[in-house]
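Only the coordinates and a few stated rules stand behind these numbers; no lab work does. Note that this is a predicted model, so its numbers are computed, not measured. Neighbour counts are summed over all protein chains in view; Cβ atoms, including those assigned to glycine, are modelled from backbone coordinates with ideal geometry.
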Amino acid sequence: MINLKSKIYVGLSFLIFIIIVIGFSGIYNLRVLSEDSSAIIQDNYHTIDYSFLMLSQLDSINNQFINQSQAEKNDSNSLFKQNISKNLITFENILILQQKNITEVGEDSLVSELTKNFELFRERISKSSQNHSKTYNLEILSTLNVLRNIIHKIYNLNMNSIIYKNSVAKETSSSTITYMIIILSISLLFILFYLYKFPKFIVAPIRELTEKIHAISSKRYDQKIKIKSRDEIGILTESFNNMAERLKEYEEQHLDQLLLEKKRIDSLVGGLNDGVLLLDENQNIIMINYAAQRILSLNSSEVLNKGIKIFSKSSPIMEIVCKSIYSTEINKNIGDYEKMDFFTDEAGQYYNIDTIEIKAEDGFDDKAKIKGLIIILRNVTPFKERDIAKTNLLATVSHELKTPISSINLCLKLLLDIRIGTLNHEQKNLLESISQQNRKLLGVVNNVLDFAQAETGKISLIIENIDPAQIIDLATSALMILFSEKKINLEIDIVNNPPQVKADLEKSVWILVNILSNAIRYSSLNGTIKISLQLEGNFVKFSVIDFGPGISEFDKERIFQKFKKEKEGYFKGTGLGLAIAKEFVDSQGGKIWVDSSLNNGCQFHFTLPIV
């Protein structure tokens, strides 16, 4: 059995073989070309050089004879003989070298003829020097010309050989290029064919297997791969086919059980008193129980497998449900109850909307992929009624406490009046302390009354067109003493010509005073507080920035809830100030929020609508 690894090795070996063939063919042809080139140099270069050297010696001998014949005296006869002798010896040595360098056809006979004539030439020169006869000089010159002609023939023979071998080298080079182009073209065709077929041969089964696995993951178990091979792919294919067959059998066996479990879950969810809607990742309704159908006045046949957004305008209740899904965290009112009015016998019931995200099994963090949503409409009418009863009780008690507290305050003022009687210093301090605590108690009672009024939705607002700069001016004027006591540096940044806002002047000033009071309380001595006024869409945004201890992320989510307080931080006190401020802002159509972190100060913002 040839496994997948062996097939890959075979393919790589084929490519290596092609590379080796190209390399060896190139080396062989380059070697042939090199041999032809070197032959030109080795075979003929020395012969041409010898030819020039022998001709130069003959020219020197000829010049010696000419000079000797023109000389008037024979004093230089001995020198003449010496020079001639040197030239002949040199010529003979060069001739011996040429005899050993015979390479061309016909060159041997020419060298032999040259040797024979040289011997004749030397013999005639020797006789000429002995007899001092001028007739021999003519014979010498005749022999010298013969030698020259023979040397020229040898030179021409080698030059013709060089030209011929040069043409042979060019032909070899041309043929080498042709052969290399043919080999490269054939190799390229083989490689392209291999690159086209071999990856497809390896990848095609894997691609088909991947597609079938995706089909299996979509619960289409009737998949079968028709690939027959004896490598790892074949084993994997066989295993996949067996798995698909087993899954199909399992699906058929357990389909009835799954249907039974689904009916059981439907019955369980359907029997809940709370309304339940189940949405998929595309926010299509895939389940709705009887309570949710009754509360939302919808029929399951009308809404199943349809987007919930389609029904957002079908009723006010459904619109609230959609808002709870699409609203951002900054706009969610934590712990708020929405009253859903619908015309049945249960009209006036209160429901709390809980949204639970269904995330992927392998993800438990906030970034995990959401696979669906569960919306629970929980009936909180008993709790709401108790809350209303508590609010009414607080309002009643606060109202009943307000009268005796006011009476106590009046009595304290009378006791402090010198017309009633003179008090000593200790008595006067004691009464002032009681008066101060009484005022604090009255302030708490007034806060409780304001919150009870806001919570019951019976806030009395006097909406008018107000200059937002006037709100800042009144709030800072009311707290000027507190600013002076802690030597706070107040910075005010107001946009040029701010538009008027629709708001209740008294309530808006109260909101800003409450936020500024907290900022002053938690600012250090000689600290800085910034107030800014900016435009934000169709709203004017008020911002108060301090550099105090700040608020943690956990506390930011509950700072506007009622009765939330701690020993330190912005919860120090009754825990009603920011809750009342939120009710006042919401009732005027604005928003309030905070940006802060521990040890980095706080930035409180609230908006009021522009006229």
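Between I370 and any residue 5 or more places off or on another chain, the built amide H atoms are never under 5 Å apart. Using a simple spin-label model with pseudo-atoms 7 Å out from Cα toward Cβ, K487 and S324 lie 5.4 nm apart. In order along the range 114-127, phi translates into HN-Hα couplings of 5, 5, 4, 5, 5, 4, 5, 5, 5, 5, 5, 5, 5, 5 Hz, rounded to whole numbers, per the Karplus curve 6.51 cos²θ - 1.76 cosθ + 1.60 with θ = phi - 60° and x for Gly and Pro. Between I356 and L441, the FRET efficiency from the beta-carbon distance, with R0 = 45 Å, is close to 0.55. Given their separation in residues at 0.36 nm each and the Cα-Cα distance between them, I213 and L410 gain 62.2 nm when the chain is fully extended. Here the 3J(HN,Hα) profile of the range 527-541, calculated from phi with Karplus coefficients 6.51, -1.76 and 1.60 at θ = phi - 60°, is x, 10, 10, 10, 10, 10, 10, 9, 8, 9, x, 8, 10, 9, 9 Hz, Gly and Pro shown as x. Projecting the Cα atoms of Q588, I471, C602 onto the charge dipole of the range 463-609, computed from C-beta unit charges around the Cα centre, puts C602 farthest toward the positive end. Counting only Cα atoms, the range 463-609 measures 40, 31, 23 Å along its principal axes, largest extent leading. Coordinate range of the alpha-carbon atoms in the range 88-197 per principal axis, descending: 96, 19, 18 Å.
The modelled label-to-label distance between I102 and D59, using points 7 Å beyond Cα along the C-beta direction, is 2.8 nm. Ordering 500-512, 93-105 by mean Cβ neighbour count within 10 Å, with the highest value first, yields 500-512, 93-105.
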